[in-house]
1. From the residues in region 116-158 that are β-branched (Val, Ile, Thr) and not in a strand (DSSP E or B), which one is nearest to the ligand (Cβ to nearest atom)?
2. Of the residues 37, 10, which is part of a loop (DSSP other than H, G, I, E, B), within 23 Å of residue 162 (Cβ to Cβ) and either of a type in the set (A, V, I, L, M) or within 14 Å of the ligand (Cβ to nearest atom) (or both)?
3. Against the conditions (1) over 16 Å from the mean Cα position of the chain (by Cα); (2) within 23 Å of residue 179 (Cβ to Cβ); (3) not in a helix (DSSP H, G or I), where does residue 62 fall short? Just the number, please.
4. Determine if region 59-69 includes at least one residue that is over 30 Å from residue 149 (Cβ atoms), in contact (Cβ under 8 Å) with a residue 40 or more places away in the chain and within 15 Å of the ligand (Cβ to nearest atom).
5. Mind telling me which of the residues 19, 4 ends up being at pLDDT 95 or above and more than 14 Å from the ligand (Cβ to nearest atom)?
6. Please indicate, with yes or no, whether at least one residue in region 84-102 is on the phi < 0 side of the Ramachandran plot, touching a residue at least 40 places away in the same chain (Cβ under 8 Å) and of a type in the set (Ser, Thr, Tyr).
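The values are calculated or read from the model by the stated rules, or taken from the named source; none is laboratory data. Here the structure is a predicted model, which is why all the values come from computation and not from measurement. Neighbour counts run over all protein chains shown; Cβ positions are idealised from the backbone, glycine included.
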Amino acid sequence: MKTVGILISGRGSNMMALVETGIPVGLVASDKPDAAGLAWARDHGIATFALSPKGIGKAAYEAEVDAALRNAGCEVIALAGYMRLLSNAFVARWRGRIVNIHPSLLPKYKGLDTHARAIAAGDTVAGCSVHIVTEELDAGELLGQAEVPVLPGDTPDALATRVLAAEHRLYPQVLKEFASR
Ligand code: GRF
């Protein structure tokens, strides 16, 4: 199985779900040095890398992240709550080897606030998607999806909690298959 590098920006619950499946994880990296998920990864013996792009610019920042991933032997990148857009150059360098989890049933609700938009639209079904990352936001090849019901009276937070549980089941399954190709 290929070695995976995981990029996070916050709590990293998806990252934890990926680590717990036994997928070989070479590095957990973040654009937020105080991201809660980094401490968890360290406590679980996983190499980490943290760098804020503030003051160094996107190109220099991405060059550092790229080097850290390669030095850690990563062959595939999994975005797990990584909230920074990757440059076209970075995507090109890792063409077809970057995947992302998105909290909607793509192609519906690309971008942010997916749960509020699904509720506002009166949807009865929501969910999450794992897709290949390309230059176009949330538009790459779909690798897997999972559906959850939208319940009467649902708030975006309540729906987010239900979708997140589905993410933690879907992402490890899909990534394991992808990293075994
Ligand atoms: C998840 O809902 C993911 O789909 C979205 O951001 C959230 C991150 O959660 N991109 P976590 O950091 O993995 O807990």
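1. Let us first name the residues in region 116-158 that are β-branched (Val, Ile, Thr), namely 119, 124-125, 130, 132-134, 148, 150, 155.
Right, trim to not in a strand (DSSP E or B) and you get 119, 124, 133-134, 150, 155.
Working: 119: 15, 124: 20, 133: 12, 134: 16, 150: 16, 155: 15 Å.
Result: 133.
2. Answer to the check: 10.
3. So residue 62 meets the others, but not (3).
4. Looking for residues that are over 30 Å from residue 149 (Cβ atoms), in contact (Cβ under 8 Å) with a residue 40 or more places away in the chain and within 15 Å of the ligand (Cβ to nearest atom), one finds none in region 59-69, hence no.
5. Testing whether each residue is at pLDDT 95 or above and more than 14 Å from the ligand (Cβ to nearest atom) leaves just 4.
6. no
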